[in-house]
1. If we count every other residue with Cβ under 15 angstrom of Lys140's Cβ, Lys/Arg +1 and Asp/Glu -1, where does the sum land?
2. Where Lys and Arg each count +1 and Asp and Glu each count -1, what net charge lies around Ser57 among other residues with Cβ under 11 Å from its Cβ?
3. If Lys and Arg each add +1 and Asp and Glu each add -1, what is the summed charge of the other residues whose beta carbon sits under 13 Å from the beta carbon of Leu22?
4. Filter the cross-link list Lys49/Lys112; Lys20/Lys139; Lys66/Lys112; Lys20/Lys103 down to pairs whose alpha-carbon distance in this structure exceeds 20 Å.
5. According to a simple spin-label model (label point 7 Å from Cα along Cα-to-Cβ), what is the distance in nm between Arg41 and Lys112?
6. Determine, for each peptide in 88-97, 17-26, the mean count of other beta carbons within 10 angstrom over its residues, then list the peptides with the highest first.
7. Once both labels are modelled 7 Å past Cα along the beta-carbon direction, what's the Asn27-Lys140 spacing in nm?
8. Please state the shape class of region 3-143: rounded when a/c is under 1.5, otherwise prolate if a/b exceeds b/c and oblate if not, all from the C-alpha gyration tensor.
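Values quoted throughout were computed directly from the atomic coordinates according to the rules given, and no laboratory measurement underlies them. The model shown is predicted, which means the values in this text are computed figures rather than measured ones. Cβ sites come from the backbone with ideal geometry, for glycine too, and all protein chains shown count toward neighbours.
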Amino acid sequence: MSEEAVKANPTQGGNGWEPKILAFCCNWCSYAGADLAGVSRFQYPPTVKILRVMCSSRVEPSFILKALNDGADGVLIAGCHIGDCHYIDGNRNAEIRINNTKKALAKLGFDKRLRLEWISASEGLRFSEVIRDFTEEIKKLGQNPVKTKIEPQINADERRLNSSAFKHAADVQGSEDK
Ligand code: FES
């Protein structure tokens with residue numbers, strides 16, 4: 001990324017910022033695919049934290065909202081290919097659920113931070129490609145605004161409270177010393 005682009009938006013690349021992606025991987029396919037990527041030494045950025053779930057349908061919208069609210073820059077849900085789900089229709093249900101969640105997130109401008117992918121146990125290379133691609137997309141979007149706008153405000157409020165509590169304690173101590 002050019003220096004001008006980084007100056008224009010410091011949350012995009014530069015400044016040592018790397019996206020944080022939470023990946024919910026189904027136990028039977030995608031988690032094994034991630035494992036294969038590791039064993040096969042397919043390179044992908046260390047931007048992803050993997051959380052194993054038994055099926056992609058286990059991921060509730062509230063999990064996604066919590067991850068984004070807690071500052072994840074992106075959330076990936078990875079499951080078995082359609083027709084391969086170990087719980088028959090789990091991934092079809094997940095697809096409907098994630099699409100609905102995406103529609104809801106679109107109203108907040110967060111929809112591109114959520115991605116659904118089908119990755120089988122034999123697709124280690126594909127796993128690494130998906131992570132690389134999603135990382136690049138998130139870099140273009142920049143940091144999760146929860147982190148850049150809301151968190152600094154919370155920290156500033158916390159600092160204000162702490163300093164007024166400190167001042168109050170110092171006043172009390174001063175009046176006791178007299
Ligand atoms: S078991 Fe993998 S998506 Fe359902």
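1. Around Lys140, the surrounding residues sum to -1.
2. Within the 11 Å Cβ shell, the charges total 0.
3. Value of the local net charge: +4.
4. From the list (Lys49/Lys112; Lys20/Lys139; Lys66/Lys112; Lys20/Lys103), the Cα-Cα distance tops 20 Å for Lys20/Lys103.
5. Computed distance between label sites Lys112 and Arg41 equals 3.5 nm.
6. The densest-packed peptide leads the list: 17-26, 88-97.
7. Placing both labels 7 Å beyond Cα along the Cβ direction yields 3.7 nm.
8. oblate
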